[in-house]
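Heads up, the thing below is written out as structure tokens.
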Amino acid sequence: MKILRDESGGVLVLTALGFTALVSFLAIAVDVGSNFYTQRQLQTLADSAAVAGALEIGSCGATHGCSVMQTAATTAFTEGGSPAPALFLGCATASGTGLLLTVNNGPCALGASDPNNGNPNYVEAIVTENKPTYFARVFGISTVKISARAEAGISAQNPCLLATGTSGQTLTLNSGASITDGAGSTCGVQVNSSSPGTCLGGTPAVMENGGATVSVGSYNVTGNVCDNGGTYTPAPTTSAATKPDPFAAEITAGSLTTPTTSGMTTQYASNVSFSSPSTVNLNPGIYNGGININSGVTTVNLAPGVYYMNGAFNVNTGVTINGTGVTIYMANGALTMNSAATVNLTAPATGSTAGVAIWQAAGDTSAMILDSASSSNWGGGLYVPGAQLTLNGGSSSTAYGLVVAQSIMVDSAISLSCSTMPGGTCSGSSSGGSIALAE
């Protein structure tokens, strides 16, 4: 006898279960899709806030994450119609409802895994929102935390201090040396030497002899660094690409013109020495045999123009040198300023030597020693392409322009600024470079 089985009810059960599963997957897809869309929106907001904050790095000076940067980041956030976020700073853990914005200068959320961690030349923006779910609440999930992160900073930075020599030890930082960015300037240190030595042997590109401080926008070395306890912000990047001599590029382009004697007045036909009076007034022109400033002179005033030195320029006492619109061109011979001379020298703002305060002739190998007092201000570039430039003495000398030399030795403190570059500008931005998203 056959027993007939009716299976239509089973099909209905399977259909119902399958439909339920399908609806569940569709519900999950709706939540996931909505969350993905929100995350994309938050990423756009994070990108905008990071770039806007990075544009104000130069305005903050030594105050990382200053109010101007905070305002710029939040303004960029709201320009697209988004509500104003709650603002957090300094790697604080953002908490609350609605939109949350954390701004860090430099980045710190990822810790050591971030190559820009702690670098004040970068701004990190993290946007967070606790978003309600649609269907996931059936499973007890009522909100989902969604976040996006972005970094922006200054790329292609102008080096304010550049050692152009491609071999050997070309940057020496002795005890007490300090190289920092001036207020409103973010540039860097560049060493082109590929010398591979270390503290254990050989010749390094950079030798730090104890206690030096470097705090700049970037610190790049083509070769290696021997570090004997220095403090660096950021840490030097070794095996970095070389950078070209910007003065040479400007000369090739015609923006700067190497001084010649054509049309110049000969002020002194042979070496001249001054021991009196207390104030000496000099005019631009040709100085054959050079100049000696001896004891008895307290002030030297330089009238605007180019001083063409066919011989050494020696300052042997605590003299004050003043000059506006001045370029000292060392055609042949060393420039030596001893005994804590006070220098207030400003380069021409326009013309064939614009932005250059000290200029050494190509091919000359005479060393330059600037032993200046703490109040010294070099308002223009220091260009020593064929020799070592030694910066001594001053506890807070300021160079408002490029410092470029074949090699550089620093024994004191110098504050760098990109306010006077070749051609008279800081290219890219007020911070000396172009702003770009890093992550």
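The values are calculated or read from the model by the stated rules, or taken from the named source; none is laboratory data. Remember, predicted model here, so these are calculated numbers, not experimental data. Quick reminder, even Gly has a Cβ in these numbers, built from the backbone with ideal geometry, and neighbours come from all protein chains shown. Calculation scope for accessible area: heavy atoms of the full protein, side chains included, ligands and nucleic acids excluded. Shrake-Rupley method; radii C 1.70, N 1.55, O 1.52, S 1.80 Å.
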Exercise for review: Might you let me know whether the range 164-183 holds any residue that is of a type outside the set (Ser, Thr, Tyr), in a strand (DSSP E or B) and at pLDDT 90 or above?
Suggested key: yes
**Study point:** Selection status of PHE247, touching a residue at least 60 places away in the same chain (Cβ under 8 Å) and not charged (D, E, K, R)
**Key:** yes
Study note, to complete from the structure: Pairing a residue in the range 269-292 that is without any contact (Cβ under 8 Å) to a residue 24 or more places away in the chain with any residue that is of a type in the set (Ser, Thr, Tyr) and buried (at least 18 other Cβ atoms within 10 Å of the Cβ), where Cβ atoms lie under 7 Å and the two sit 6 or more apart in sequence or on different chains, gives GLY285/TYR308
Point to revise | Positions within the range 201-222 being of a type outside the set (S, T, N, Q), under 21 Å from ASN116 (Cα atoms) and either open to solvent by 20 Å² or more (accessible area, probe 1.4 Å) or out of contact with any Asp or Glu (no Cβ under 8 Å at 6 or more places or on another chain) (or both), in sequence order | key: VAL214, TYR219, VAL221
Study note, to complete from the structure: Here, strands (runs of 3 or more DSSP E) confined to the range 332-374 with at least 2 residues that are among the β-branched types (Val, Ile, Thr) and open to solvent by less than 10 Å² (accessible area, probe 1.4 Å) are 356-360
Check your understanding: For VAL326, all conditions in the list (1) touching a residue at least 40 places away in the same chain (Cβ under 8 Å); (2) more than 33 Å from the chain's Cα centre (by Cα); (3) buried (at least 21 other Cβ atoms within 10 Å of the Cβ) hold save one; what is the number of the exception?
Key -> (2)
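Confirm whether ALA76 is among the small types (Gly, Ala, Ser), closer than 19 Å to GLY98 by Cα, open to solvent by less than 50 Å² (accessible area, probe 1.4 Å) and modelled with pLDDT of 80 or more.
Working: among the small types (Gly, Ala, Ser): yes; closer than 19 Å to GLY98 by Cα: yes; open to solvent by less than 50 Å² (accessible area, probe 1.4 Å): yes; modelled with pLDDT of 80 or more: yes.
Answer is yes for this residue.
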**Study point:** Test set (1) open to solvent by less than 40 Å² (accessible area, probe 1.4 Å); (2) out of contact with any Gly (no Cβ under 6 Å at 6 or more places or on another chain) - ALA249 fails condition number
**Key:** (1)
Review point. Going through the range 82-103 one residue at a time, which ones are surrounded by 14 or more Cβ atoms within 10 Å (Cβ to Cβ) and touching a helix residue (DSSP H, G or I) at 6+ places or on another chain (Cβ under 9 Å)?
Key: SER82, PRO85, LEU87, LEU89, LEU99, LEU101, VAL103
Point to revise | Members of the range 184-200 that are aliphatic (A, V, I, L, M) and either assigned to a loop (DSSP other than H, G, I, E, B) or surrounded by fewer than 17 Cβ atoms within 10 Å (Cβ to Cβ) (or both) | key: LEU200
